[in-house]
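Peer 1: Below is one structure. I have some questions about it.
The values are calculated or read from the model by the stated rules, or taken from the named source; none is laboratory data. The structure presented is a predicted model; accordingly, all values stated were derived computationally and were not measured. Backbone-built Cβ (ideal geometry, glycine too); neighbour counts: all protein chains shown.
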């Protein structure tokens, strides 16, 4: 195989419990799921060991030394002593929304390189974990419970498909700032265990009831649009509403696709709204 195109899927946090700190970073317990928003990663073999990464559709101004897609490609070449690749990242995941777009690109690049050259999952995940906290999860995605700094991944076995309405305020929330402020404004509920049980039992109404995010109280102080987005979604009578990541994206859970699609038609808020479903990505490593 000389070339490959892979999809790098976004994620949502169905729960996000702040559990403490380790080595200067917050530790978490979070149930996450892949959703049908994706960046596209195209990779072509090189023969000289070099890496060339081109961004399309966003993030073109990120310097290579700060570009996680570049770090992933270089990390793979170093770890596996391969001959390099020309890589194109086509951005479609909204930036700054808590959907894990940068981590998805890390995983997409590593999956593309693995498809071209092969690679042991544990070793590829080690490269992903060295770049970002949830990058290792993104390699395979799907429903999972992640803990520690997001590097410990436990898949959640389910055939459930969730139908979500995602609302995207135009301004993001600083992840570092949000975590720092969460120490002073914590969310007291820890619901990851309850969320995991509801998913495994297929109990959508219970899942809607226990959605939570430990960063929400801090996020709404940093960006008032997060609260407005949540209030707009609550007015549509969903099963539940939650912020994903550190925001600013907020989603509502509905019992079925028709209810979700009706809610999208009736949404009269000021923000961009997108209908998404959870997905199980293809495995490459």
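Peer 1: From the residues in segment 46-72 that are in contact with a helix residue (DSSP H, G or I) (Cβ under 6 Å, 6 or more places away or on another chain) and in contact (Cβ under 8 Å) with a residue 24 or more places away in the chain, which one is nearest to residue 19 (Cα to Cα)? Give the derivation first.
Peer 2: We begin by selecting, within segment 46-72, every residue in contact with a helix residue (DSSP H, G or I) (Cβ under 6 Å, 6 or more places away or on another chain); these are 51, 53, 64, 68-72.
With in contact (Cβ under 8 Å) with a residue 24 or more places away in the chain added as a condition, the list becomes 51, 53, 68-69, 71-72.
On the way: 51: 38, 53: 36, 68: 26, 69: 29, 71: 29, 72: 28 Å.
Filtering first and then ranking leaves 68.
Peer 1: While we're on this one: Name the residue, out of 136, 119, 150, 142, that is out of contact with any strand residue (DSSP E or B) (no Cβ under 9 Å at 6 or more places or on another chain) and either within 21 Å of residue 22 (Cβ to Cβ) or buried (at least 18 other Cβ atoms within 10 Å of the Cβ) (or both).
Peer 2: After ruling out the rest, the residue left standing is 119.
Peer 1: Of everything in segment 174-196, what is closer than 10 Å to residue 26 by Cβ and more than 19 Å from the chain's Cα centre (by Cα)? Give them in sequence order.
Peer 2: Within segment 174-196, 180, 182, 183 meet the criteria.
Peer 1: Still on this structure, I have one more. Given the conditions (1) surrounded by fewer than 24 Cβ atoms within 10 Å (Cβ to Cβ); (2) part of a loop (DSSP other than H, G, I, E, B); (3) under 17 Å from the mean Cα position of the chain (by Cα), which single one is not true for residue 129?
Peer 2: Checking residue 129 against (1) surrounded by fewer than 24 Cβ atoms within 10 Å (Cβ to Cβ); (2) part of a loop (DSSP other than H, G, I, E, B); (3) under 17 Å from the mean Cα position of the chain (by Cα), the one that fails is (2).
Peer 1: While we're here: Condition check: surrounded by fewer than 19 Cβ atoms within 10 Å (Cβ to Cβ), more than 17 Å from residue 16 (Cβ to Cβ) and not assigned by TED's automatic domain parsing to the domain that holds residue 138. Does residue 224 satisfy that?
Peer 2: It is true that residue 224 is surrounded by fewer than 19 Cβ atoms within 10 Å (Cβ to Cβ), more than 17 Å from residue 16 (Cβ to Cβ) and not assigned by TED's automatic domain parsing to the domain that holds residue 138.
Peer 1: Still on this structure, please answer the following. In segment 229-255, which residues are over 24 Å from residue 104 (Cβ atoms), out of contact with any helix residue (DSSP H, G or I) (no Cβ under 9 Å at 6 or more places or on another chain) and in contact (Cβ under 8 Å) with a residue 40 or more places away in the chain?
Peer 2: The one that is over 24 Å from residue 104 (Cβ atoms), out of contact with any helix residue (DSSP H, G or I) (no Cβ under 9 Å at 6 or more places or on another chain) and in contact (Cβ under 8 Å) with a residue 40 or more places away in the chain: 232.
Peer 1: If only one of 31, 53, 35, 12 is over 30 Å from residue 191 (Cβ atoms) and in a strand (DSSP E or B), which one is it?
Peer 2: Just a single option satisfies the conditions, and that option is 53.
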